[in-house]
Amino acid sequence: MTSTNATSELHEILGQRLEGGGTWAWAYADVSGNVEDPRRQAALRLRAVEESLRAQGASDAVVDAIAAEFEQEAGAPSPVTRYVLVHDGAVVLSEVLPGHVHGAESVGVGAVPDLVPLVAHRPVDLPFLVVHAGKEGGAFRTYRLGHAPVASAERQVEGRNDTLHYAKAGTGWKQPHWQAHTAEIWKQNQSELAGALDATVRELRPGLVVVAGDVTARELLVKSLSNETKALVSVFPGDPRADTASKQAFVEHVEVALARVVATRRHDLEDLLRTHVGRGDNQAVAGLGPVVEALQQAQGSVVALDAVAIGDRTLLALGAAPWVATAPEQAAGVPVIGPVPAVCALVRAAVLTDAELVLVNAASLPGGAAAAALLRWPVGPAVPA
C-alpha cells in the first residue's frame, strides 16, 4: 500500500507555482444539492463566496473564474463540496470532494493558498474497491478516498447464467442433480470474480475491499479470495440495490470502514511519534519551532499537525528553499514572500519538500504539541540511556 497523501499529489499538480510569489485565490464550500430549494441555496452560497472574494481584493476576472467552476454540476452524490484554486488569474485546481465540509469553509486571497481542505479530504492516498456479488457473477468499481468517482472505473465479471435457480420442491431423481449443478455454477462465477479482484488488489494495493450483494454470492466470493484480499474485506450484510434504505445503509457502511482505515493509520503514526520522542532517539521532533527547522532542511518525512491548535499564528513564507521561517534572520538571504497563516506556510513547505502531511488532534501528539514530525534522518547526538 502506498504511503503518500495529498502533499505528493499537490506537488505534482502545482509544481513551480508554489515556489514563487504571485497572488492566490481560493474557495472551499459545500455544494450539496440535497437541501430544500437547491437552486436558491446554491445561488446564495455562490453569492457569499463572491462577496467574500471581492472583500479580500480579488479582481472581477478571478471572481468570475471561481464562480464559473462552482456553477458546474458536481457530478457526485450529496453531500459534496468543491475546492477551486486560482493563481495569477488562472484556475489551477477545481476539485469535487465527496463528503461534508471538513472543518470550516475557506474563501481567501493571499500570497500562499489554503491547501488544508484538500489534505483533510485526502489524508492518505487510499484506493479502495466496492464489489457487488451476484449469482451470475458480479462487478466491482475502483475509488480513491476524497476523489469523485470515475465512470470508467467499473469492471463487470459475467459468469454462466444457465440454471441459476434451484429447481422447485418436488420428487424425482433429477432434482438433487440440478441443485448441485446450480450450486457449482454459482461457485464458478464467484471464483472468476475473486480471480479478477485478487489481480486488481495485487496491482492497485488498495486499503479496503467492500463486498455487498446476494448473501450466497457474498459468502462464496469471500471464500474464494486470496488471503491478501480477505485481509482487506469488509462485508456489507445486504444488497444496496434492493431499496433506498439499503443504499443509504451501504454508503454509511463504506464511510465507517474508510474512517477505520484512516484512523488506524493515524493512530500508528501518533504512537510512533510518541515512541521516538519518548526515547529521545532524535528520529522525531515535536513543537512548531522544531517542525519548522525540520522542514527547512527537507528533513521531515511525515508532518503531523493540528490546524485548530496552531490557531492564528503566522510564519514567514520564503520564495526559495528553505521555504519557511519563524523570523527574518532564518531566511538565509532568500526573498521573503511575507507573513502568512502558520498552517498554510507549513502545508506549503511540506508539499515543496515531499513530506507526507497528516492532520491530527494535538492531544494525541507528544506533550500535546500543535505539530510534530518523523525525520528522514536523525539529528544531533543520541540521548544517553
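The values are calculated or read from the model by the stated rules, or taken from the named source; none is laboratory data. Everything numeric here is computed off the predicted structure, so don't read it as measured data. So basically every Cβ, Gly included, is an ideal-geometry build from the backbone, and we count neighbours across all protein chains shown. Please note that ligands, DNA and RNA were not included when accessible areas were found on the heavy atoms of the full protein model with its side chains. Shrake-Rupley method; radii C 1.70, N 1.55, O 1.52, S 1.80 Å.
The table below gives the values:
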{"quantity": "Positions within region 109-149 being under 13 Å from the mean Cα position of the chain (by Cα), among the aromatic types (F, W, Y) and open to solvent by less than 20 Å² (accessible area, probe 1.4 Å), in sequence order", "calculated": "F128"}
{"quantity": "Region 353-370, residues that are of a type in the set (D, E) and either at pLDDT 95 or above or at negative phi (or both)", "calculated": "E356"}
{"quantity": "Number of positions in region 218-237 that are surrounded by fewer than 19 Cβ atoms within 10 Å (Cβ to Cβ) and assigned to a loop (DSSP other than H, G, I, E, B)", "calculated": "3"}
{"quantity": "The one condition in (1) assigned to a strand (DSSP E or B); (2) surrounded by fewer than 15 Cβ atoms within 10 Å (Cβ to Cβ) that T264 fails to fulfil", "calculated": "(1)"}
{"quantity": "Residue check for T200: open to solvent by 10 Å² or more (accessible area, probe 1.4 Å), more than 30 Å from A307 (Cα to Cα), at pLDDT below 90 and hydroxyl-bearing (S, T, Y)", "calculated": "no"}
{"quantity": "Failed item in (1) closer than 20 Å to A148 by Cβ; (2) in contact with a Lys or Arg (Cβ under 8 Å, 6 or more places away or on another chain); (3) among the β-branched types (V, I, T), with V63 passing the rest", "calculated": "(1)"}
{"quantity": "Residue in region 11-22 that is loosely packed, with under 14 Cβ neighbours inside 10 Å, among the acidic types (D, E), under 25 Å from the mean Cα position of the chain (by Cα) and within 18 Å of P117 (Cα to Cα) present", "calculated": "yes"}
{"quantity": "Residues satisfying the stated conditions in region 324-352, i.e. in contact (Cβ under 8 Å) with a residue 40 or more places away in the chain and at positive phi", "calculated": "G338"}
{"quantity": "Enumeration of residues in region 60-103 that are surrounded by 15 or more Cβ atoms within 10 Å (Cβ to Cβ) and among the small types (G, A, S)", "calculated": "A65, A67, A74, A76, S78, S94, G99"}
{"quantity": "Out of S8, S106, sole residue that is surrounded by 13 or more Cβ atoms within 10 Å (Cβ to Cβ), over 29 Å from E252 (Cβ atoms) and among the polar types (S, T, N, Q)", "calculated": "S8"}
{"quantity": "Given (1) in contact with a helix residue (DSSP H, G or I) (Cβ under 9 Å, 6 or more places away or on another chain); (2) of a type outside the set (D, E); (3) part of a helix (DSSP H, G or I); (4) within 17 Å of R141 (Cα to Cα), number of the condition A199 does not satisfy", "calculated": "(1)"}
{"quantity": "Lone qualifier among L272, L258 - being aliphatic (A, V, I, L, M), more than 23 Å from E219 (Cβ to Cβ) and either in contact with a strand residue (DSSP E or B) (Cβ under 6 Å, 6 or more places away or on another chain) or crowded, with 19+ Cβ neighbours inside 10 Å (or both)", "calculated": "L258"}
